[in-house]
1. In the stretch 29-72, which trypsin sites (Lys or Arg not before Pro) fall in coil by DSSP and have 11 or fewer other Cβ atoms within 10 Å?
2. Evaluate the distance, in nm, between pseudo-label points positioned 7 Å from the Cα of residue 70 and of residue 39 along their respective Cα→Cβ axes.
3. Restrict the search to the stretch 1-107; then list the GluC sites (Glu not before Pro) that DSSP places in a loop and that have at most 11 other Cβ atoms within 10 Å of their Cβ.
4. Ignoring ligands, DNA and RNA, what accessible area per residue does the chain give at 1.4 Å, in Å²?
5. Got a sec? Charge dipole of the stretch 1-111, +1 on Cβ for Lys and Arg, -1 for Asp and Glu; which of 95, 43, 1 is way out at the positive end?
6. Name the residues of the stretch 43-86 whose amide N is less than 20 Å from a point 7 angstrom out from the Cα of residue 27 along the C-beta direction?
7. Using every pair of alpha-carbon atoms in the chain, split the distances into 10 Å bins beginning at 0 and state the percent of pairs per bin, rounded to integers.
8. Select from the stretch 37-117 those chymotrypsin sites (Phe, Trp or Tyr not before Pro) which occupy a DSSP coil region and have at most 13 other Cβ atoms within 10 Å, ordered by residue number.
Amino acid sequence: QVQLVESGGGLVQPGGSLRLSCAASGSISGIYTMGWYRQAPGQQRELVATISNYGSTTYADSVKGRFTLSRDSAKNTVYLQMNSLKAEDTAVYYCYYKKLISQTNYWGQGTQVTVSS
């Protein structure tokens, strides 16, 4: 089992910044993908950013250039630095961890990000 603990969500004004953190614990495998999805009311859950076991990152077009995903491998933690936030970024952000060999997915509880003046 893998447990994911998220933090860093909150209310921020347009143009502001937030940093989300997600710490994984438990049965951490050596081959995994980790990152963030988000879901706004009435919308489908969408992929925001991912990082592979090898350090390769991918971003949704909507956040590219504004969000940066990084990791601290020793702490099994990923960080999502969100800059130049827009109202459209308002959503519940979910951390995920995927064991690639077993194809097992784990999800965090979700943390609310609200961008509003």
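1. Counting only loop positions with at most 11 other Cβ atoms within 10 Å, the trypsin sites (Lys or Arg not before Pro) in the stretch 29-72 are 64.
2. 3.0
3. none
4. 52
5. Positive-most Cα among the choices belongs to 1.
6. 53, 76-77
7. Going out from 0 Å in 10 Å bins, the chain shows 15, 50, 29, 6, 0 percent.
8. 54
The values are calculated or read from the model by the stated rules, or taken from the named source; none is laboratory data. Keep in mind that this is a model prediction, so the values were computed, not measured. As a convention, Cβ positions derive from the backbone with ideal geometry for all residues, glycine included, and neighbour counts pool all protein chains shown. Just so you know, the surface numbers come from the protein's heavy atoms only, side chains and all, with ligands and any DNA or RNA stripped out. Shrake-Rupley method; radii C 1.70, N 1.55, O 1.52, S 1.80 Å.
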